[in-house]
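Okay, so here's the structure we're looking at.
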Amino acid sequence: MIKPAILIVEDEPGIADTLQYALRTDGFEPHWAATGEAALQRQREAPAALVILDVGLPDLSGFEVFKRLRAFSDVPVVFLTARADEIDRVVGLELGADDYVAKPFSPRELVARVRTILRRAARAGAAPVPARPFQVDEGRRQIRFYGQPLELSRYEYGLLKTLVERPGHVYSRDVLLDKVWDTHSDSLDRTVDAHVKTLRAKLKVVAPGLEPIRTHRGSGYALAEDLPGTL
Ligand code: CA
């Protein structure tokens, strides 16, 4: 029988150790990431069946990690929270996490919750996963928009992938040039604008009424956060 992989995202080694031990004892295969960036990278490369996500991480907040994770994955997430205000935010579940556990917690109780959530996910297995407007396939360097594969140039792909990874985050033209283009000169600002223009035209063919790439006057571009899940 295959042991379900569980990704623990927690910067305190003591807690991570305790959790790994409890999960292993109960038949799971735990993996540990100490930072948000490491967790996102791991989940891209070797997706776990469930993620246990601490809210207080040294690099990104757990909420930010969750948001970025949701840009490419529907994996169930259990938050670990340490403070009442964090709990409020998770419980408000504007976030749509699957569960939360407040510190200090009983490892046995947490493992029991993990088991319940995975069972629920398995039962719902045939149900369609929540729809997302964009799906990035990094292996093929392809992006689908509402299921339609987009024909993108190398730079269009890089631009759109960058925006899709962090909906709502405003990227300046400089930052986009740095991230997407190999060479950088100040006079290339218009290059970004030109590629955004062609990208918009391609997106418009799929969804004429929507404006997925928003211009923030004087500051840059961001992916819209209010796109519908399906057309
Ligand atoms: Ca922490």
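Between A39, A16, A5, A33, which is open to solvent by 20 Å² or more (accessible area, probe 1.4 Å) and of a type outside the set (S, T, N, Q)? Being open to solvent by 20 Å² or more (accessible area, probe 1.4 Å) and of a type outside the set (S, T, N, Q) holds for just one of A39, A16, A5, A33, which is A5. Of all residue pairs spaced 6 or more apart or on separate chains, those with beta-carbon atoms under 6 Å, a first member in region 139-166 that is in a loop (DSSP other than H, G, I, E, B) and a second member that is open to solvent by 50 Å² or more (accessible area, probe 1.4 Å) and not hydrophobic (A, V, I, L, M, F, W, C) are L150/K202.
Among the residues of region 20-43, those identified as of a type in the set (A, V, I, L, M, F, W, C) and under 17 Å from F105 (Cβ atoms) are A22, L23, F28, W32. Within region 194-219, residues that are within 14 Å of E151 (Cα to Cα) and outside any loop (DSSP other than H, G, I, E, B) reach partners that are of a type in the set (D, E, K, R) and open to solvent by less than 70 Å² (accessible area, probe 1.4 Å) with beta carbons closer than 7 Å, at six or more positions or on different chains, in the pairs H195/E156; T198/E156; L199/E156. So for region 11-19 (the condition being touching a strand residue (DSSP E or B) at 6+ places or on another chain (Cβ under 6 Å), closer than 18 Å to V111 by Cα and not basic (K, R)), does at least one residue qualify? Among the residues of region 11-19, at least one is touching a strand residue (DSSP E or B) at 6+ places or on another chain (Cβ under 6 Å), closer than 18 Å to V111 by Cα and not basic (K, R), which makes the answer yes. Can R132 be described as modelled with pLDDT of 90 or more and surrounded by 15 or more Cβ atoms within 10 Å (Cβ to Cβ)? In short, no. Any chance region 201-220 includes a residue that's open to solvent by less than 60 Å² (accessible area, probe 1.4 Å) and closer than 30 Å to A46 by Cβ? Yes.
The values are calculated or read from the model by the stated rules, or taken from the named source; none is laboratory data. Computed from a prediction, not measured in an experiment: that's the story for all the values here. Here Cβ is always computed from backbone atoms with ideal geometry, including for glycine, and neighbour counts include all displayed protein chains. Remember, those area values only see protein heavy atoms, side chains included, never the ligands or the DNA or RNA. Shrake-Rupley method; radii C 1.70, N 1.55, O 1.52, S 1.80 Å.
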